[in-house]
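Here the structure is laid out as structure tokens; the discussion comes afterwards.
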Amino acid sequence: MKKTTGALVGLCATGPLLLALPILGIGAGTASASCSTDGAQGVDASAVAKQVKAILDGGDKGSVSVPGLDAPADQVPNAKTIQATGVAMNIPARGQVVALATALQESGLRNLTYGDRDSLGLFQQRPSMGWGTASQILDPVHASTKFYEGLKKVSGWQSLSVTQAAQAVQKSGFPEAYAKWEPLATALQKAIEPLLQKAGGASPSPSPSGSADTSPSPDSAGGCSADGDGTDFGTIPAGALPKEYKIPASAPPKVQTAIRWALGQLGTSYQWGGTCTDSHGKNPMGRCDCSSLMQGAYKAAGVTLTRTTYTQVKDGKAVSVDALKPGDLLFTEGTAAVPEHVGMAIGQGLIVHAPHTGDVVRITTVASWKSRILAARRVV
């Protein structure tokens, strides 16, 4: 639901749900494999350092020119090190942007030998707070590794804004200060990324024991590869369901019910403010908008959701966009705190949603949404 008024917030919750709506006879299949959320396990710092050196030594030595840097000769090498450390640790681009924005705020991307109290280095980390010794913190690879380790311990950090994620790690006295650096950090990340890719930066992430970990990581830029991103389905006509799709048998029964119910509304007309209680009926207000589709689907499964995107983004728990499971709610448009659109992941890299006025409930792909997803929530 993209807009709301006080009169509309509780519409679906106060009316009866007509469970006699047509429900597609879609069986459960085994084509979808679930991915687990990322853990916060530490890494072998020496293994990370070796990989970072290999990435930087083997990378493209081309110059990076990004407007907004006041001392690029110092700042760009530090930014490359921060980003290469992220690559070595399989931190996705979003996490690298968070790290760069943090360093821009804390030190101006300079490896400072001074700071507030005992703060030092790129991230102004403090020996007294357990970030390492003074000499360790002044090593950009160590400082970056410790920052990323802290970031991975923040549950659902991928669903947070850059400033929220940075603050969760740094616990700064100026929690809103990171936001202004996001555009420059994003530009840096994009400019540096192709140089590091040429270094073979997709090497395995160092495990805590120092041995190579070749298992798929939910923190990798590719995300939940076992489930795909939906691109294999090609163009999906409005209101249609690809014949190859099967409701994932590995999903919890309530999620399977919610997916099946939502798919029963495919092809019905969008109605802003509609309750989704009779989407196939003649009354327009019985049709679905984006958030009432989610609410109705989960109500059919015996799970209570709130009514609007603004409140559904607080339902359940935050999860990684790179570790989605069927049934997760995905939010786009607006901001992470106040999103304006929502859809449901249904497995095999597909999403069901009610787009906007003039359109119908339809299927889209995770690939087409990935760069625009502001938050993800798991309600079952």
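The values are calculated or read from the model by the stated rules, or taken from the named source; none is laboratory data. Keep in mind it's a predicted model, so treat the numbers as computed, not measured. Note: ideal-geometry Cβ built from the backbone for every residue, glycine included; neighbour counts use all protein chains shown. These accessible areas exclude ligands, DNA and RNA; they are computed on the full protein's heavy atoms, side chains included. Shrake-Rupley method; radii C 1.70, N 1.55, O 1.52, S 1.80 Å.
Of the whole protein surface, T133 contributes about 70 Å² of accessible area at a 1.4 Å probe radius. With all protein chains in place and ligands, DNA and RNA left out, the 1.4 Å accessible area ranks M294, M129, M285 as M129, M285, M294, largest first.
Among the chymotrypsin sites (Phe, Trp or Tyr not before Pro) in region 253-309, which ones are in a DSSP loop with at most 14 other Cβ atoms within 10 Å of the Cβ? Mind listing them?
none
Mind checking the per residue accessible area of region 231-295 for me, 1.4 Å probe, whole number of Å²? Mind dumping the intermediate values first?
Values: 2660 Å² over 65 residues.
I get 41 Å² per residue for this part.
Summarising the amide proton neighbourhood of H341: residues at separation of 5 or more, or on other chains, whose placed amide H is nearer than 5 Å comprise T332.
Cα convex hull of region 265-380: mean projected area in nm², to one decimal? Spell out each step's value before the answer.
Details: hull surface 25.6 nm².
Answer in nm², one decimal: 6.4.
For T275, the residues whose amide H sits under 5 Å from its own are G286, R287, ignoring neighbours fewer than 5 places away on the same chain, with H placed 1.01 Å from N. Among the protein heavy atoms, those of F174 account for about 150 Å² of accessible surface (1.4 Å probe, every chain in place). The rule of thumb for compact globular proteins, 2.2 N^0.38 Å, goes into the C-alpha radius of gyration of region 311-355 1.09 times. Phi angles across region 263-279 convert, under the Karplus curve 6.51 cos²θ - 1.76 cosθ + 1.60 with θ = phi - 60°, into 3J(HN,Hα) values of 5, x, 9, 4, x, 7, 6, 5, 9, 4, x, x, 7, 6, 8, 7, 5 Hz, Gly and Pro given as x. Normalised radius of gyration (Cα atoms, divided by 2.2 N^0.38 Å) for region 41-188: 0.95. Residues in region 76-87 carry Karplus couplings, in order, of 5, x, 5, 5, 4, 5, 4, 6, 5, 5, x, 5 Hz; the curve used is 6.51 cos²θ - 1.76 cosθ + 1.60 with θ = phi - 60°, and Gly or Pro positions show x. Relative to its residue count, region 269-325 spans a Cα convex hull of 96 Å³ per residue.
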